[in-house]
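The structure appears right after this line, and notes come after that.
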Amino acid sequence: MRYFYDTEFLEDGRTIELISIGIVAEDGREYYAVNSDMPAELIRRDHWLLNNVWPHLPLRGYKSSLQYIGDGQHAVRTSDAGTLDTSSVLVKPRWVIANEVREFLLAEPDPELWADYGAYDHVALAQLWGKMIYLPKGLPMFTRDLQQKWHDLGRPELPVQTDGEHDALADARHLKACFEHLAGAA
Ligand SMILES: [Mg+2]
């Protein structure tokens, strides 16, 4: 069973902190969770994450406004970041996400992991269970990368993601669509 997944994370060149994870199975099953143990204060202070990842999370008190970015263009910018909405069932402690992801990925035999530019995603996923040696039995120790497949096939045109970019579940759905497009083209 192939699993297409994406993670959003905070990284500082030394550590990777999970924000959210989205997984879409080859048979259409989906999983999405937001890490209630994320360092929310650091994430809100990261300009790129604040404007691109944070707004997709379940939030309380979030406000955005249009900001002039030059050339007659405006962009949606965060005006009040708000806080993570812990009343959402999607927001869970890391250890719960670790258990649920393990069960989700091992529900069918021979799981195969796929991500796009997946090196950091693999680490963010594997670290749910701690050190590399604690990866649950049955899970592959590597993630296959859409980029490699795409390059190997001569970089054909791919479907364009129309919405939800940097929402982990939307990105995982788009990854699956790209994989299926390449599988059809091969
Ligand atoms: Mg993403």
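List of remarks:
- Test: Ala124 is buried (at least 20 other Cβ atoms within 10 Å of the Cβ), of a type in the set (Gly, Ala, Ser) and modelled with pLDDT of 95 or more: yes
- Meets criteria (of a type in the set (Asp, Glu), over 23 Å from Leu57 (Cα atoms) and in a loop (DSSP other than H, G, I, E, B)) for Asp163: no
- Strands (runs of 3 or more DSSP E) completely within the stretch 1-109 that count 2 or more residues being within 16 Å of the ligand (Cβ to nearest atom): 2-11, 16-25, 30-35
- Residue count for the stretch 133-160, restricted to those that are within 16 Å of the ligand (Cβ to nearest atom), touching a strand residue (DSSP E or B) at 6+ places or on another chain (Cβ under 8 Å) and in a loop (DSSP other than H, G, I, E, B): 1
- Scanning the stretch 162-180 for residues that are within 10 Å of the ligand (Cβ to nearest atom) and surrounded by fewer than 21 Cβ atoms within 10 Å (Cβ to Cβ) gives Gly164, Glu165, His166, Ala170.
The values are calculated or read from the model by the stated rules, or taken from the named source; none is laboratory data. Not measured: the values here are computed from a predicted model. Neighbour counts run over all protein chains shown; Cβ positions are idealised from the backbone, glycine included.
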